[in-house]
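Down below is the structure, laid out as structure tokens.
Read the figures in this text as sums done on the coordinates, not as results from a lab. This is a predicted model, so every value here is computed, not measured. We place every Cβ from the backbone using ideal geometry, glycine too, and count neighbours over all the protein chains shown.
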Amino acid sequence: MSSVWRTRTRRAAGVLPLCVLLPLLPGCTLAGGGEEPDDDVVVLLTHDSFTLPNELMEQFTADTGIRIDHRAQADAGELVTTLVLTKDNPIGDVAFGVDNTFASRAVHADVFADYEASVTVPDELRYPDSAALTPIDYGDVCLNIDTRYFAERGLDEPETFGDLLRPEYRDLTVVQNPGTSSPGLAFLLATIDEFGEDGWQDYWRALRDNGVHVADGWSQAYYVDFSGSEGEGPRPVVVSYASSPPAEAGADGTPPPTRALEDTCFRQIEYAGVLEGARNPSGAQQVIEFLLSDEVQEAFPENMYVFPAVPGTRLPDAFEQYAPKPAAPRLLDPELIDANRDVWITQWRDIVVG
């Protein structure tokens with residue numbers, strides 16, 4: 001199992017990189033006015049779960065003559081915060097990993113310059129009414145279950161949000177804190193989509209009363225509390241991804257012992273964008289085209305356990321067999337999320353944590 005799978009959705013509170021806060025420290029450089037232009041280098045800012053095979057990065061350099069200077073900036077939320085705080089003197093040329101739960105914050109701050117990629121991506125993945133962000137990949141956050149647990153105990157497997165409130169499922173579910181976890185926030189948004197802005201609070205009160213457990217992040221929930229992976233925890237229901245079961249499939253083709261519940265999926269879309277005021281905007285545009293290339297799109301599933309944005313991209317067999325592809329995944333308008341995100345998280349915290 002890829003080490004990336006272990007860490008790709010780690011979402012913990014943290015601080016901005018030291019060179020963002022104190023850019024004049026020795027060894028710290030700025031991609032904007034703080035360093036001399038260099039058309040042979042493009043600075044790529046990402047969240048800390050970004051990874052691609054070295055040979056692809058090297059091939060980009062061979063094809064373009066440009067070296068990618070990759071600088072990870074913690075999780076997706078902190079990446080956006082960094083981009084907003086440094087927009088007047090950007091520390092990079094291009095950013096990848098801004099997702100639809102935080103993208104509006106960056107768009108409203110005019111962090112990105114408009115750019116229309118040459119590769120066609122589906123309209124439903126595009127950020128509404130803006131050319132500032134290019135969809136690169138997507139993933140569906142869904143409830144996952146340990147099918148062995150239910151079979152061994154003769155329990156029916158849950159299928160819906162409401163099923164988790166049944167008395168026979170008391171103390172069986174683990175979720176992530178939406179204030180510290182990207183999948184935790186996506187699951188909260190899924191319940192808001194399901195029960196409405198006036199009804200989701202009652203659902204979470206009932207879920208709390210039925211013994212839901214809250215973990216700070218995905219790794220704790222999936223690898224320690226969940227019974228369906230290597231942690232052998234006590235809870236057979238966890239918030240994870242539609243791509244989690246493929247990661248649990250055996251190398252010999254053995255089916256995974258887990259299943260994602262299609263009716264509970266919320267779609268996360270990851271974007272890339274050229275930073276306004278970038279030192280090397282031409283190189284930044286070439287990086288976006290690189291991320292949409294056949295080779296990179298095919299590499300995303302096995303390296304980052306996400307689905308490629310470009311239609312027709314070949315998927316690994318395990319993805320084809322075991323990752324559900326919801327016909328109508330849940331989505332909320334980015335503007336609605338932006339206007340209510342902090343309030344919703346506070347309300348959730350008051351209800352569930354107290």
key: By average C-beta atoms within 10 angstrom, highest first, the peptides 71-82, 113-124, 90-101, 262-273   = 90-101, 262-273, 71-82, 113-124
remark   = With +1 on the Cβ of every Lys and Arg and -1 on the Cβ of every Asp and Glu, the dipole magnitude of the range 56-167 about its Cα centre, in debye rounded to the nearest 20, is 300 debye
query = Out of Ala272, Leu292, Ala251, whose Cα points farthest toward the positive end of the dipole of the range 250-293 (charges: +1 Lys, Arg; -1 Asp, Glu; placed on Cβ)?
reply = Ala272
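Give the shape of the range 207-256 as rounded, prolate or oblate, defined through the alpha-carbon gyration tensor: a ≥ b ≥ c are the square roots of its eigenvalues, a/c under 1.5 means rounded, and otherwise the shape is prolate if a/b is larger than b/c and oblate if not.
Numbers: a/c = 2.30, a/b = 2.26, b/c = 1.02.
Prolate shape, in that a/c is at least 1.5 and a/b is the bigger ratio.
Just how large is the dipole of the chain about the Cα centre, in debye to the nearest 20, putting +1 at every Lys and Arg Cβ and -1 at every Asp and Glu Cβ? Don't skip to the answer; put the middle values down first.
Working: 24 positive and 59 negative charges, 196 e Å.
Result for the chain is approximately 940 debye, rounded to the nearest 20.
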ask   = Given H placed on each backbone N at 1.01 Å, which residues far from Arg259 in sequence or on other chains put an amide H within less than 5 Å of it?
value = Ile145, Thr147
Extreme residue, positive dipole direction of the range 50-175, given options His108, Tyr127, Leu52 (C-beta unit charges) = His108
remark   = For the chain, the longest principal axis of the Cα atoms and the Cα long axis of helix 294-304 enclose an angle in degrees, to the nearest 10, of 50 degrees
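Can you give the FRET efficiency to the nearest 0.05 for Asp39 and Val224, using r as the Cβ-Cβ distance and R₀ = 45 Å? Let's see the in-between values first.
Numbers: r = 47 Å, r/R0 = 1.05.
Computed FRET efficiency for Asp39 and Val224 comes out at 0.45.
For n ≥ 4 DSSP H runs only, could you compute -39500 (n - 2.57) per run for the chain, divide by its residues and tell me the 222 nm figure to the nearest 500? Write down the numbers at each step before the final one.
Details: 13 runs with 119 residues, N = 354.
Taking each H run of at least 4 residues, the total per residue is -9500 deg cm²/dmol.
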request  = Among Pro167, Pro255, Pro301, determine the one that fluctuates most according to a GNM of the chain built with springs between C-alpha atoms less than 10 Å apart.
outcome  = Pro167
key: Whole-Å distance, taken between Cα centres, linking the range 118-138 and the range 195-260   = 29 Å
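What is the percent of Cα-Cα separations in the range 49-165 that go past 16 Å? Write down the numbers at each step before the final one.
Details: 4923 of 6786 pairs.
Cα-Cα pairs in the range 49-165 separated by more than 16 Å: 73 percent.
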inquiry  = How far apart, in nanometres, would the label points at Arg67 and Ala328 be if each is projected 7 angstrom from Cα along the Cα-to-Cβ direction?
reply    = 5.2 nm
Distance between modelled label sites at Thr120 and Glu58, nm, 7 Å Cα→Cβ extension = 3.5 nm
ask   = Going out from 0 in 5 Å bins, what whole percent of all Cα-Cα distances in the range 222-281 drops into each bin?
value = 4, 15, 18, 17, 13, 8, 5, 7, 8, 5, 0
query = Where does helix 334-352 land angle-wise versus the long Cα axis of the chain, in degrees 0 to 90, nearest 10?
reply = 40 degrees
task = Take the chain, connect every pair of alpha-carbon atoms lying under 10 Å apart with a spring to form a Gaussian network, then pick out the residue of Pro246, Pro281, Pro316 with the largest mean-square fluctuation.
result = Pro316
key: Where the Cα pairs of the range 206-354 fall when distances are cut into 10 Å bins, in %   = 9, 27, 33, 22, 8, 0
request  = Return an integer: the convex hull volume of the alpha-carbon atoms of the range 258-330, in Å³ per residue.
outcome  = 116 Å³
Descending semi-axes in Å of the chain, equivalent ellipsoid built from Cα gyration tensor = 35, 23, 18
remark   = Across Gly217, Gly312, Gly228, the residue with the highest GNM fluctuation in the chain (Cα network, 10 Å cutoff) is Gly312
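Quick one: of the DSSP bridges fully inside the chain, what percent are antiparallel, nearest 5?
Values: 24 of 40 bridges.
Around 60 percent antiparallel, to the nearest 5.
Let a ≥ b ≥ c be the square roots of the eigenvalues of the Cα gyration tensor of the range 140-190; is it rounded (a/c under 1.5), or, if not, prolate (a/b larger than b/c) or oblate? Intermediate values should be presented prior to the final figure.
Working: a/c = 2.33, a/b = 2.09, b/c = 1.12.
The shape class here is prolate.
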Residues in the range 187-211 that a label on Asp156 would reach, taking backbone N under 20 Å of a point 7 Å out along Cα→Cβ = 207, 210-211
